[in-house]
Amino acid sequence: MKTSLASALILLTLLGGSGCRTEGAFKPINTTRYDFENESSFVLMDRSMQRSVTVSGLQETVGDDGRLEVVANVRNRVNRRLHVQIGCVFKNEAGFSTSDETPWQTLILTEAEQKSIRFVSMNDKAKRYTIRVRQAR
């Protein structure tokens, strides 16, 4: 009985390795897949929004104090009333967040309606932005 237990432990050690073993470093895969927020100024966070909402225009200006102001014309493309949430992330020239993210605002769009919504950065570090739209939660 003792020899079969010892044999089983030796076999488990040989098959299972010696615990935590690493094979080295690995490169990440699919690093540019679904990274629309890094490439676009307007993104839809839900697949259902792709048919329902679009932006018909973006206007950006820099105020006298250096803060970035963005106005987006958001349009409902369907024949039903939509409740969406919209927010803006302000970024520096390299595309990194300036820790200046607006809270989600609820926007109600009636059938085929377009509304303009305005965002202003809190400081003069913002050079880029991404406006995000998602289905209201």
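Applying a threshold of 8 Å to beta carbon distances and a minimum spacing of six or more residues, or different chains, the list of pairs starting in segment 60-85 at a residue that is assigned to a loop (DSSP other than H, G, I, E, B) and ending at one that is basic (K, R) reads R77/R51; V78/R51. Based on what the data block shows, is P103 in contact with a Gly (Cβ under 8 Å, 6 or more places away or on another chain), of a type outside the set (D, E) and surrounded by fewer than 17 Cβ atoms within 10 Å (Cβ to Cβ)? Yes: the conditions hold for P103. When the test is whether a residue is in contact (Cβ under 8 Å) with a residue 12 or more places away in the chain, surrounded by 11 or more Cβ atoms within 10 Å (Cβ to Cβ) and out of contact with any helix residue (DSSP H, G or I) (no Cβ under 9 Å at 6 or more places or on another chain), S52 passes it.
Residues that are surrounded by fewer than 19 Cβ atoms within 10 Å (Cβ to Cβ) and over 20 Å from the mean Cα position of the chain (by Cα) within segment 106-121 comprise I108, T110, E111, A112, E113, Q114, K115, S116, listed in sequence order. Just the residues that are part of a loop (DSSP other than H, G, I, E, B) and under 15 Å from F42 (Cα atoms), please, taken from segment 92-126. Those that are part of a loop (DSSP other than H, G, I, E, B) and under 15 Å from F42 (Cα atoms): G95, T102, W104. Filtered by the rule that a residue be at pLDDT below 95 and of a type in the set (F, W, Y), segment 67-119 gives a lone residue, F96.
The values are calculated or read from the model by the stated rules, or taken from the named source; none is laboratory data. Being a predicted model, the structure only gives us computed values, none of them experimental. Virtual Cβ from ideal backbone geometry, glycine too; neighbours counted across all protein chains shown.
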